[in-house]
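A.B. asks: Below is the structure I would like to discuss, written out as structure tokens.
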Amino acid sequence: MGKRAMTVVCLAVTVAGCARAGDEPAARTAERFFAAVAQGQGDRACALLSPRTAESVDDCAGDIESKGLRGGAVGDVEVYGDEAQVRMGGDTVFLHRFPDGWRVRAAGCAPRPGLPYDCQVSS
């Protein structure tokens, strides 16, 4: 393999590695959110919501636990600057990156053809 071809391969591997590494924090936040919900730890789940989303839920801990949210295995993760979409086995979650890390903006989201997602929890 020539020097130029090797450089292109190395660059492609580096770029792919960086893109995946950037997705992982958003996916981990979504996983932590659903783990807290599954364990009946509504307060912990609410701490992972964006401030606006947390304010939009009357009794956050109780309401989060009563919605029947379920995550599942992480599938596709798409990060666009400070916004992310994490598709999981049982849900689609939207997140925003704040200075202290990723926070859930919307959860319990189901796609609607030709329309925005319908989310059980959102701001």
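Every number in this text was worked out from the coordinates using simple rules, so none of it is lab data. Given the structure is predicted, the values throughout are model-derived calculations rather than measurements. Cβ: placed from backbone, ideal geometry, glycine included. Neighbour counts: every protein chain shown.
A.B. asks: Any chance you could check the Cα centroid distance between segment 44-84 and segment 88-123 for me, in angstrom?
C.D. replies: 7 Å
A.B. asks: Be a star and scan segment 83-99 for residues whose amide nitrogen sits under 14 Å from the point 7 Å along the Cα-to-Cβ vector of S56.
C.D. replies: 93-96
A.B. asks: Could you calculate the contour length gain from K67 to A35, that is, 0.36 nm times the residue separation minus the distance between their Cα atoms, to one decimal place in nm?
C.D. replies: Extra length available between K67 and A35 comes to 10.1 nm.
A.B. asks: Only counting other Cβ atoms within 10 Å, I'd like D23, D76 sorted with the fewest neighbours first. Display every interim value, and only then the final one.
C.D. replies: Values: D23 16, D76 11.
Least crowded to most crowded, the residues run D76, D23.
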